[in-house]
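Below is one structure, written out as structure tokens, with a few remarks after it.
Derivation of every value follows stated rules applied to the coordinates shown; laboratory data play no part. Just so you know, these numbers come straight off a predicted model, no measurement behind them. Ideal geometry is used to build each Cβ from the backbone, glycine not excepted, and the neighbour counts take in all protein chains shown.
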Amino acid sequence: MPTSFSWNIKVMTVKPVEGSLTDVVIVVYWDRLGSRVSNSVTYNASRSGMSNLGTPDPYNFTPYDQLTENQVIGWVETSLGTEQLALIDASIDKDIDNQINPPVEVLPPPWQQ
């Protein structure tokens, strides 16, 4: 089964006033979550980060109290770009692969068993 990915928007830093705009989001702090089921066990991994947003378009500005999760996720994805997002997802996938099939094991010395 492939890994399913989702976002968790943790907090946003806002600039109280920018020109005629108020509560302008300038930084979004996020978690990228991955989950995969293998042999009836669910494995999870994540990455955290922050996205700096550019100057907003005053003609296409959404007031802070009207923002939606999907809109903010769109900003994050745009700020990351397709290539960076693919690298984040590949890294999460690798962590889950390593949980399912650990590349190393920690064993006690044989004389202590």
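When M1, M12, M50 are arranged by Cβ crowding within 10 Å, least crowded first, meaning fewest neighbours, the order is M1, M50, M12. Amide H contacts of V25: K15, each under 5 Å away and 5 or more positions distant or on a separate chain (H built 1.01 Å from N in the peptide plane; Pro and chain starts excluded).
The charge dipole of the chain, taken about the Cα centre with unit charges on the Cβ atoms of Lys, Arg (+1) and Asp, Glu (-1), comes to about 220 debye, rounded to the nearest 20. Close amide H contacts of Y43 (hydrogens built in the peptide plane, cut-off under 5 Å, sequence separation of 5 or more or a different chain): R36, V37, S38. Across region 90-105, coupling constants 3J(HN,Hα) worked out from phi with the 6.51/-1.76/1.60 Karplus curve, θ = phi - 60°, read 5, 5, 5, 4, 5, 4, 5, 3, 5, 6, 6, 10, x, x, 9, 10 Hz, and Gly and Pro carry x.
Working note: Karplus 6.51/-1.76/1.60 with θ = phi - 60° gives region 82-89 the couplings 4, 5, 5, 4, 5, 5, 4, 5 Hz, where Gly and Pro are set to x.
Residue by residue, region 16-29 carries 3J(HN,Hα) couplings of x, 9, 9, x, 8, 9, 10, 6, 8, 5, 10, 9, 10, 9 Hz when phi is fed to the Karplus relation 6.51 cos²θ - 1.76 cosθ + 1.60 (θ = phi - 60°); x denotes Gly or Pro. Computed over the alpha-carbon atoms, region 4-102 gives an Rg to Rh ratio of 1.09, Rh here being the Kirkwood radius from the mean inverse distance.
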